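First up is the structure itself, then whatever we jot down about it.
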Amino acid sequence: MDKCVPTCDEAVADIPNGATIMMGGFGPPGFPAQLVEALRRRRLRDLVIIQCGGGTEDYALGGLILDGAVRKLISSYPTHPGAWALRDRYLRGEIELEVLPQGTFVERIRAAGAGLGGFYTPTGVGTELAEGKEVRIINGRPYVFELPLSADFAFIKAHRADRWGNLTYRRTMRNFNPIMAMAAKVVIAEVDEIVAVGELSPEEIETPGIFVDRVVATERHPRLLRRT
Amino acid sequence: MPLTREGIAYRIAQDLPDGSYVNLGVGIPSLVLQFLPEGRDVLVHSENGILGVGPKAAAGQEDPDLVNANGDYVTLLPGASLFDHALSFAIIRGGHLTHAILGALQVSRRGDLSNWKVPGQRVPGVGGAMDLAVGAQRVWVAMTHVTERGEPKIVEACTYPLTAPRCVKRIYTDLAVIRVEGEDLVLEEVAPGVSPQEVQACTGAPLRLTADLREMPVPAEVRGVPLRTP
């Protein structure tokens, strides 16, 4: 078993127009920028992107939006100052935007990965983000029903990997990555380093290789991003 | 005299007991940590998966894999732990944080909170605001008492989009400390030299006065940082 792919371009070569793609990352840590740049080179259309932020400047996700490749963004906090590509397209009516509370965003992805049909959360009750959603009283408290959220592909970023797709993370690289790795049909991991099977200690493997389909090693931090 | 933004943060820091697990929002809440009394173990939580956030990293010492929820390159305290976003929001929503200290656009007399979106804001973005407001054991608001245009932020009913209903327990401003008790706002403290009548005059809902009313215990400065406006 060898899930290693030589380049990011090969790792994303089979993604079709209209695909739904999750991207991990919160700020630069854990954001698979090289995979996203390779995706830009594919010149695809009508993509649905699931990412916590709204892209930064004209690079990676910001660039993908600027290029007109994205039909819809499902996000939580896409309003940081660097997200001007999204802002401009959204205000011109050229991109759909669905905004979710951050805990609901990640839990919907977790539910999909864990095989659940959804969940009830107290977050959002009584606000405009719960409008039109089922509300149920449980033990005297109102909860909003939220559906699972899955994707065709997940781009994730980890620190070290082996050829079986076992992954470790450092510092705040985890964020959405271990969760998104469970929730897509094809999971592609961009990593800092690939090591031999057996070199990662079983205790430190946060994402077991069962969730991962492709692994590609890239140069670390080719461009520091304040936000994804 | 009204407090400075640092003065508000100082006042809040005195109320965080040893053993607190706290999420600090952007703005005034982010200033709280530096004013914690010596020897108090208070762990700061960050949405992107940290318990035990330390000070910002010195220039040149940034770890490119380590940021807080505000996107700042930070450090970790000894004893810090790291985890993924699902666990991070289980900590929040599951009621494990002892305190969330949040900024606000408006707070109503019932403790309704508006802090994520102003009317007419053209691109929406909510982040972790709603989860923190419903999940933390105590939601405290840190804000200036009135807007830049002098309008009250403490109101009968919020006119800005709600973050969560009935979640705020206490409001710390540059003029006062106010406790939310059912549908009542109880004036607990006033800033040095500020009268209860002056606080009421710039508050959009009635304040209840009690015999326990006291002056906010905030010195003019600590370590050279002014806590009261001149």
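Kirkwood's formula applied to the C-alpha pairs of region B:97-230 gives a hydrodynamic radius of 15.4 angstrom. What spacing in nm lies between the two simple spin-label points modelled at A:I210 and B:A80, each 7 Å away from Cα in the Cβ direction? Using points 7 Å along Cα→Cβ, the separation is 3.2 nm.
Each residue of region B:62-79 is assigned a 3J(HN,Hα), and the resulting list reads 5, 9, x, 9, 9, 10, 9, 5, 8, x, 7, 6, 10, 10, 10, 6, x, x Hz, derived from the Karplus form 6.51 cos²θ - 1.76 cosθ + 1.60 (θ = phi - 60°), x at Gly and Pro.
Hey, got the dipole for the protein assembly as shown? About the Cα centre, +1 on K and R Cβ, -1 on D and E Cβ, debye to the nearest 20? Dipole magnitude for the protein assembly as shown comes out near 680 debye. Quick query: amide H of A:T56 versus all other amide H atoms, modeled in the peptide plane; which residues come in under 5 Å with a sequence gap of 5 or more or a different chain? Placed amide hydrogens put A:L61, A:G62, A:G63 under 5 Å from A:T56. In order along region B:91-98, the phi-based Karplus estimate (6.51 cos²θ - 1.76 cosθ + 1.60, θ = phi - 60°) of 3J(HN,Hα) comes to 4, 6, 5, x, x, 8, 6, 6 Hz; Gly and Pro are listed as x. Plainly put, region B:31-99 has a radius of gyration that is 0.97 times its Kirkwood radius, both from alpha-carbon atoms, as the Rg/Rh ratio. A Förster distance of 60 Å, applied to the separation of the beta-carbon atoms of A:S201 and B:A211, puts the FRET efficiency at 0.45. Cross-linked pairs A:K72/B:K117; A:K157/B:K169; A:K133/B:K56: Cα-Cα separations exceed 29 Å for A:K157/B:K169; A:K133/B:K56. Under the convention that each Lys and Arg Cβ holds +1 and each Asp and Glu Cβ holds -1, the size of the dipole of region A:39-127 around its Cα centre is about 300 debye.
What does the net charge come to around B:L82 if you take all other residues with beta carbon closer than 14 Å to its beta carbon, with K and R at +1 and D and E at -1?
-3
Panel order for A:M182, A:M1, B:M143, by other beta carbons found within 10 Å of each beta carbon, from fewest to most: A:M1, A:M182, B:M143. Footprinting exposure proxy ranking of A:F105, A:F155, fewest other C-beta atoms within 10 angstrom first, gives A:F105, A:F155. Counting only whole DSSP H helices of chain A, there are none at least 24 Å long by C-alpha along their axis and with mean Kyte-Doolittle hydropathy no lower than -0.5. Calculation over all alpha carbon pairs of the protein assembly as shown in 20 angstrom steps from 0 returns a P(r) of 25, 53, 20, 2 percent. Scanning residues 5 or more positions from B:A164 or on other chains, those with amide H under 5 Å from its amide H are B:L113, with H placed 1.01 Å from N in the peptide plane. Here region A:191-213 and region B:166-204 have alpha carbon centers that stand 54 Å from each other. Counting other C-beta atoms within 10 Å, and keeping those with at most 14, which DSSP coil trypsin sites (Lys or Arg not before Pro) do you find in region A:25-124? In loop regions of region A:25-124 (DSSP not H, G, I, E or B), the sparsely surrounded trypsin sites (Lys or Arg not before Pro) are A:R43, A:R45, A:R92. Among the GluC sites (Glu not before Pro) within region B:1-107, those in coil by DSSP and having at most 12 neighbouring Cβ atoms inside 10 Å are B:E38. For region B:89-182, the list of trypsin sites (Lys or Arg not before Pro) that fall in a loop by DSSP and count at most 12 other C-beta atoms within 10 angstrom reads B:R122, B:R149.
Selection among B:G193, B:G135, B:G182 by position relative to the dipole of region B:126-230 gives B:G135 as farthest towards the positive end (Cβ unit charges, Cα centre).
Database remark: amide H of A:T20 closer than 5 angstrom to the amide H of A:V48, A:D152, A:F153 (H placed geometrically; neighbours at sequence offset of 5 or more, or on other chains; Pro and chain starts carry no H). With θ set to phi - 60° and the Karplus curve 6.51 cos²θ - 1.76 cosθ + 1.60, what are the ³J(HN,Hα) couplings of region B:46-53 in order, to the nearest whole Hz, using x for Gly and Pro? Using θ = phi - 60°, the values come out as 10, 3, 7, x, 10, 10, x, 5 Hz.
Considering helices alone, the calculated mean residue ellipticity of chain B at 222 nm is -3500 deg cm²/dmol, with DSSP H runs of length four and up weighted by -39500 (n - 2.57) and normalised per residue. Among B:T203, A:T7, the ranking by other beta carbons within 10 Å of each residue's beta carbon, starting with the fewest, stands as A:T7, B:T203. Result for chain A in a Gaussian network model with C-alpha springs under 10 Å: among A:E107, A:E206, A:E131, the largest mean-square fluctuation is at A:E131. Using only the C-alpha atoms, the convex hull of chain A corresponds to 127 Å³ per residue.
FYI, it's all coordinate maths here, none of it is from the lab. These figures come from a predicted structure and were not determined experimentally. Backbone-built Cβ (ideal geometry, glycine too); neighbour counts: all protein chains shown.
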